[in-house]
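Asks: This structure is in structure tokens; I'll ask about it shortly.
The values are calculated or read from the model by the stated rules, or taken from the named source; none is laboratory data. In this text the structure is predicted, and so the values were computed from the model without any measurement. All Cβ positions, even for glycine, are placed from backbone atoms using ideal geometry, and neighbour counts span all protein chains on display. When the accessible area is computed, the model is the full protein with side chains, heavy atoms only, and any ligands, DNA or RNA have been set aside. Shrake-Rupley method; radii C 1.70, N 1.55, O 1.52, S 1.80 Å.
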Amino acid sequence: MSGPLPHILSRPGASPTSDYFRHVDATRLSKAVTWWCGKGHSKLSRAERETKLVAAFKDQAAVAEVMRNLGPPERAVLGAYRRFGGAVNGTVLRLDLLARGVLEIVEDTRWMSRITRWKRDVVKELAERLVLLPPKLGGESSHRGYAQETERPFPLYALHPALAKQVPPAGPAPFDLPLLKGAPETTGRRSPGEVALDLARVFSYVADRNGVRLAKSGAVAGPALKALAKAVPVGADAHYPLPAPQALYLEVLRHAGALRDEPGDLLPDGDLAAAWFAEPTLEQARLWARGWLAATSWQDGAGEIPAHQRSYREPESALRTAREVLAWCLSGLAQAGERWFGLTAFLSKLQAALGRTDYNAPRADAEGWAPNFPEAQYEDKRGEGRERALWFEREGTWYANALMVTLVQLALVERGRTGKDQHCFRLTEWGRAAFGAPEVAPPEERADERFLVVQPNFDVLAYLDRARPAEAAFLGRLTETGGQSLSAVQTFRLTQSSVYRAMEGGLSPDEVRNFLSRHSQNELPANLARSLSDWAGRRDALVVRRGATVLAFPDRAQRDAYLVGHPGSACGEHFVLAEGVPRGTYPPGALVGDHLDRLRQTWSLDERGCLHVSGLYDLVQAARLRRIADETAEGWRLTGESVRQAGREGLKPAALKSWLEDHLTEPIPPLFDHALDAWLGMNRSVAMGEVVLLEVPDPALFAAIANSPRLSPLLAGTVGSGWLVVRREARKDLKAALAELGFLVGSEITPLTALPEDEDE
């Protein structure tokens, strides 16, 4: 990449057009037109002011004049925005400007309590002049909470694009911590190769199944995630647990573009993934960091985000804000090089800078790491001391999980402890480059190394700390692993299925052989080289036939007996590729596969899920039946368990219904159609309860009872003309009141199916 890398928190700014000003209030519009166009323009009509502003924004002389009128504080604010690409989270901006000394806090002594305010709110002044722009309507939503003015985040503004070209970006804001005492001992460090390998294995799993199912929330459905965790285990540290690491990797792949969202599914993009896995280490490390920042279906220290925490799934959620705050802190610490930092000292400074707790700030739960900070003991504390302890117990624990667990898993942070049993951390060399850009230069890319030992038994010993991410990802696509490990030295296995899967994913036989030869410390065993050639040859030996009939027999003897008197060729132990067999004249008991342009429609389905198959079923039908249905004494039947099992094996609802429609003579019964959705996770709720009804056939009497001040408290409404719903607890009281009024109350009523339609509904 030419030129300096952008800051990790860079995001695009705004593009002011004439439509943009429709969302600007009149007061701000008047101030802005005076600032940009001079005095006297504020008396113009709104349309004229908008026209003047659009013209001024494009006028280089007007832009230069605005720049000349800005003082050092305003220029400092614009430089901070420029550092972040033009737009920045309001909480991050507050921390950044405070660290630079641009903002000054003063106490208002007119009140009994401690009230603070900005000595000068430069951000607000620039926004009123439309030097800073709300990126969209609603971008200046008011802050809800009890925090004082100086503790609230700024609104989400973006630097005016014309001014951005005139302002140099600011350098890093200072974020100093005291020197750590003692020599730290590493308790957790991963190499980029280990991360790339895990990501490649997760992607290969999704690609093999052509996607994974999504729940309504947008997260991966629970059964699909459990199947992924079982198929692709990830090493775990018992002392620093990372909940649902596969879900984290899916989010990284998703926001890197290797997986794309489609209605109900997360689908692989093989071309983009191949290009991404081939990127240099720094590019991949930055994509890991950005994927973590943008993750909306996974929470640090908790794992999958539950459905009731929908607010965390928003693009500008409190979860995203907390991650960006941590990234901003790390961008400052990256300037210090290989220094270690005490975790408690870091969190103490962060808590003091953030101020009072936001109600929506993320928190870790029992699934994550419990650091058990002494600072979190709040029982005997009051006032600010209690608030600080509560912050350490809640938000501080979340920040600790994000820093000491998640980012360690992504090879961006190294975890350690000192002799005094104090938790500490430092950024890895790639973490410093990812978070410290544009000032921190990346380390030199590792040259090709022979990090593999390929053995005659097809085992492959890999030293992942010596592999570049691109090489480790290639290895993950090519091999199978028998279990999970946090070690940088792991054993993998080459199998026919793993090599076939890699070739299906776009790798050629020559690429596979060249990769193993180039990175193996020993010469490739001769038996392995032959096997690779054989596997590639079998994959390439593919013949496609149209209009063919395949017969299947229980054993080889019956197959050979058929071939004695009929033309055809044997396929395997049980099958015959038949020739000249008229449709409908198949041998008794044989399965038949008619590979024609149109599938056979010979099934019928009832609401109990029973499938009735007329005549023989072909190989395609047989394979699909075994996949989605149970064979009972009464025949084939779709059940909740058989359908759910098919879903766990990767069959999508749309594919299942498409299979049924291929073979059914009539459409799927509507009730059973909804049952299929429910079994596959798209539940729909119904409610059933008992009610007490009063039947009043006479319209005049019905109106009198329904509108009676005396009786209406005993009623719960109506289900139609002539029918009143009686409150369950008032049944006896209503019966007594009606008897007192001289009415005969019977116990037999007309069946509900005879309820007349209410014309008003």
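Asks: Could you work out the relative contact order of the chain? I mean the mean sequence separation of Cα pairs under 8 Å and 6+ apart, divided by the number of residues, in percent. Show your work: numbers first, answer last.
Replies: Values: 1171 pairs, mean separation 78.7, N = 761.
That works out to 10 percent.
Asks: Report the accessible area of V106, computed with a 1.4 Å probe over the heavy atoms of all protein chains in place, in Å² rounded to the nearest 10.
Replies: Spelled out: V106, probe radius 1.4 Å, area about 30 Å².
Asks: For the range 413-493, give the magnitude of the charge dipole about the Cα centre (Cβ charges: +1 Lys/Arg, -1 Asp/Glu; no others), in debye to the nearest 20. Spell out each step's value before the answer.
Replies: Values: 11 positive and 12 negative charges, 54 e Å.
The dipole magnitude comes to about 260 debye.
Asks: Calculate for the chain the 222 nm mean residue ellipticity that helices alone would give, adding -39,500 (n - 2.57) per DSSP H run of length 4 or more and normalising by residue count, nearest 500 deg cm²/dmol.
Replies: Calculated at 222 nm, the ellipticity per residue is -11500 deg cm²/dmol.
Asks: Another question, then. Among A229, G506, A127, whose Cα sits farthest toward the positive end of the charge dipole of the chain (+1 at Cβ of Lys/Arg, -1 at Cβ of Asp/Glu, about the Cα centre)?
Replies: So the residue furthest toward the plus end is A127.
Asks: Three principal axis extents, largest first, for the C-alpha atoms of the chain, in Å?
Replies: So the extents along the principal axes, rounded to whole Å, are 105, 101, 63.
Asks: Under DSSP H, which helices of the chain have Cα atoms covering 18 Å or more of the helix axis and a Kyte-Doolittle average no less than -1.0? Don't skip to the end; give the middle numbers.
Replies: Values: long enough: 46-58 (19 Å, -0.64); 192-208 (24 Å, 0.55); 281-294 (20 Å, -0.15); 318-333 (23 Å, 0.75); 526-540 (21 Å, -0.93).
Span-like helices, by this rule, are 46-58, 192-208, 281-294, 318-333, 526-540.
Asks: Here's another thing I want to ask about it. Rounded to the nearest percent, how much of the accessible area of the chain (1.4 Å probe, protein heavy atoms only) is carbon and sulfur? Present the calculation step by step, with values, prior to reporting the outcome.
Replies: Working: 19680 of 38220 Å².
Accessible surface attributable to carbon and sulfur in the chain totals 51 percent.
Asks: Still on this model: Run the quick spin-label model on A61 and E107: label points 7 Å from Cα toward the beta carbon, then report their separation in nm to one decimal.
Replies: Each label point is offset 7 Å from its Cα along the Cβ direction, giving 5.2 nm.
Asks: What base-10 log of the normalised intensity I(q)/I(0) is obtained for the range 166-318 from the Debye formula, alpha carbons as equal point scatterers, at q = 0.09, 0.11, 0.13, 0.21 Å⁻¹?
Replies: Rounded to two decimals, the profile gives -0.35, -0.51, -0.69, -1.43.
Asks: Next up: For the residue pair V719 and R310, what label-to-label distance in nm results when each label sits 7 Å from Cα along the Cα-to-beta-carbon direction?
Replies: The modelled label-to-label distance comes out at 3.1 nm.
Asks: For Y378 and A655 in one chain, what is 0.36 nm times their gap in residues minus the Cα-Cα distance, to one decimal in nm? Before the final figure, lay out the partial values.
Replies: Working: separation 277, 0.36 × 277 = 99.72 nm, distance 5.54 nm.
Gain on stretching Y378 to A655: 94.2 nm.
Asks: Could you work out how far apart the two model spin labels at C571 and T632 are, taking each label as a point 7 Å from the Cα in the direction of the beta carbon, and quote it in nm?
Replies: In this crude spin-label approximation the distance works out to 3.3 nm.
Asks: Using the crude model of +1 on Lys and Arg Cβ and -1 on Asp and Glu Cβ, and no other charge, please compute the dipole size for the chain relative to its Cα centre, in debye to 20. Working shown, then result.
Replies: Values: 93 positive and 96 negative charges, 527 e Å.
For the chain, the charge dipole is close to 2540 debye.
Asks: With +1 on the Cβ of every Lys and Arg and -1 on the Cβ of every Asp and Glu, and nothing else charged, how large is the dipole of the range 319-416 about its Cα centre, in debye rounded to the nearest 20? Kindly include the intermediate steps, with their values, before the conclusion.
Replies: Values: 12 positive and 13 negative charges, 41 e Å.
With only Lys, Arg, Asp and Glu charged at Cβ, the dipole is about 200 debye.
Asks: Then there is this: Given a Förster distance of 35 Å, report the FRET efficiency between A353 and R28 from their Cβ-Cβ distance, rounded to the nearest 0.05. Write out the running numbers ahead of the final one.
Replies: On the way: r = 30 Å, r/R0 = 0.85.
After rounding, the FRET efficiency stands at 0.70.
Asks: Within the range 645-682, which residues have the backbone N less than 15 Å from the label spot 7 Å out from S604 along Cα→beta-carbon, could you tell me?
Replies: 664-669
Asks: Take the alpha-carbon centre of the range 658-678, take the same for the range 296-352, and report the distance between them in whole Å.
Replies: Here the two parts' Cα centres lie 47 Å apart.
Asks: Under the 0.36 nm per residue contour assumption, what length would be gained going from the current alpha-carbon distance of D733 and E149 to full extension? Before the final figure, lay out each step's value.
Replies: Working: separation 584, 0.36 × 584 = 210.24 nm, distance 5.94 nm.
That pair, D733 and E149, stretches by 204.3 nm at full extension.
Asks: Taking each pair of distinct Cα atoms in the range 291-332 once, what is the resulting Kirkwood hydrodynamic radius in Å?
Replies: Working: mean 1/r = 0.0942 Å⁻¹.
Evaluated on the range 291-332, it is 10.6 Å.
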